[in-house]
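**Q** Pasting a structure below so you can have a look.
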Amino acid sequence: MKVEVYFYGNLIHLAGGRVRTVRVEESAPRVSDLRAAIAREIPEIAPHLRQAAVGMGTELLSDDALLRPDAEISLLPPVSGG
Amino acid sequence: MGNRIQEGPLSLETLVQETEGVDDGALVVFSGNVRAVDGGVEVAALDYDVHRPMAEQVIRRIEDEIVKLDGVLSCRIVHRIGYVPAGESSVYIVVRGRHRPEAFEAAREGIERVKREVPIWKEDVHPDGSRRPRSSGSGTPLV
């Protein structure tokens, strides 16, 4: 399954843009599968994955959550608003 | 009421008007401003990135939870995104309470929660145009 991942903050620079398409092997992938795929396909992001949250729409997901194919998936680094 | 995430200069007057009531004995305004020098380095502006739908939702949730605190009557939070020049406000927290202690405390909780929970990121923009993200190492993880 191909997943469009939206990157935010400093991850935009590391990913080479706001959106990258990542190929996940599993047919019903979980967040942990996506993390592994991102680490494999975008090694620049790998060191930042542990502290990055995965969002689907407006929700934050745990590592065992299933990804919906139609949802907007985002990778959110530590926040720094204010 | 308007969006919590806004581009361009923020209007404090609008927030003060939107929270007006007759029961409050205290109005507290916190403004987060862009410093011209940070850690000894000149800063021309901060450039803010946002996950807009999530940030709108999280800010409204923070407002709702702050209004439930004892003695707090209203709370409005807005955050500016995009390019914010030094000297200008990037965020306002406006709280009205029955008395000053709870209003001060609620405003502090508002800005602390914004910094910890809202998906917003900033980069320093230096006078020579170079940039430095603030979210690498110094931010708060959402995980």
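The values are calculated or read from the model by the stated rules, or taken from the named source; none is laboratory data. Here the structure is a predicted model, which is why all the values come from computation and not from measurement. When we count neighbours, we look across all protein chains shown, and the Cβ atoms used for this are built from the backbone with ideal geometry, even at glycine.
Rundown of residues vs (1) within 12 Å of another protein chain (Cβ to nearest Cβ); (2) among the basic types (Lys, Arg), yes/no style:
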residue	(1), (2)
B:VAL67	no, no
B:ASP70	no, no
B:ILE77	yes, no
B:ARG80	yes, yes
B:VAL125	no, no
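**Q** Among the numbered criteria (1) within 13 Å of another protein chain (Cβ to nearest Cβ); (2) among the aliphatic types (A, V, I, L, M); (3) surrounded by fewer than 21 Cβ atoms within 10 Å (Cβ to Cβ); (4) touching a residue at least 60 places away in the same chain (Cβ under 8 Å), which one does B:VAL143 miss?
**A** Every condition holds for B:VAL143 apart from (4).
**Q** Does A:GLY17 qualify as being in contact with a Ser or Thr (Cβ under 9 Å, 6 or more places away or on another chain), within 20 Å of B:ARG131 (Cβ to Cβ), part of a loop (DSSP other than H, G, I, E, B) and not hydroxyl-bearing (Ser, Thr, Tyr)?
**A** On the way: in contact with a Ser or Thr (Cβ under 9 Å, 6 or more places away or on another chain): no; within 20 Å of B:ARG131 (Cβ to Cβ): yes; part of a loop (DSSP other than H, G, I, E, B): yes; not hydroxyl-bearing (Ser, Thr, Tyr): yes.
Taking the combined requirement at face value, the residue does not satisfy it.
**Q** Under 9 Å by Cβ, and 6 or more places apart or on different chains, what pairs join a residue from segment B:51-62 that is over 12 Å from B:VAL78 (Cα atoms) with one that is in a helix (DSSP H, G or I)?
**A** Taking only residues 6 or more apart or on different chains, the pairs are B:ARG61/B:GLU117.
**Q** Quick check on B:LYS115: is it outside any strand (DSSP E or B), modelled with pLDDT of 95 or more and at the interface with chain A (Cβ under 10 Å from one of its Cβ atoms)? Lay out the reasoning, then the answer.
**A** On the way: outside any strand (DSSP E or B): yes; modelled with pLDDT of 95 or more: yes; at the interface with chain A (Cβ under 10 Å from one of its Cβ atoms): yes.
It is true that B:LYS115 is outside any strand (DSSP E or B), modelled with pLDDT of 95 or more and at the interface with chain A (Cβ under 10 Å from one of its Cβ atoms).
**Q** Would you tally the residues in segment A:37-71 being under 10 Å from the mean Cα position of the chain (by Cα) and either within 30 Å of B:ILE93 (Cβ to Cβ) or of a type outside the set (A, V, I, L, M, F, W, C) (or both)?
**A** Adding up the residues that qualify gives 5.
**Q** Among the residues of segment A:23-80, which ones are facing chain B (nearest Cβ under 10 Å), part of a loop (DSSP other than H, G, I, E, B) and either under 27 Å from B:GLU123 (Cβ atoms) or touching a strand residue (DSSP E or B) at 6+ places or on another chain (Cβ under 8 Å) (or both)?
**A** Listed by number, the residues that qualify are A:ALA52, A:GLY57, A:THR58, A:ASP63, A:GLU72, A:PRO77, A:PRO78, A:SER80.
**Q** Would you pick out the residues in segment B:54-91 that are touching a helix residue (DSSP H, G or I) at 6+ places or on another chain (Cβ under 6 Å) and among the hydroxyl-bearing types (Ser, Thr, Tyr)?
**A** Scanning segment B:54-91 gives no hits.
**Q** Quick one: count up the residues across segment B:83-99 that are away from chain A (no Cβ under 14 Å) and not hydrophobic (A, V, I, L, M, F, W, C).
**A** So in segment B:83-99, the residues away from chain A (no Cβ under 14 Å) come out as B:83, B:85-87, B:94-99.
Keeping just the survivors that are not hydrophobic (A, V, I, L, M, F, W, C) gives B:83, B:85, B:87, B:96-99.
Within segment B:83-99, residues that are away from chain A (no Cβ under 14 Å) and not hydrophobic (A, V, I, L, M, F, W, C) number 7.
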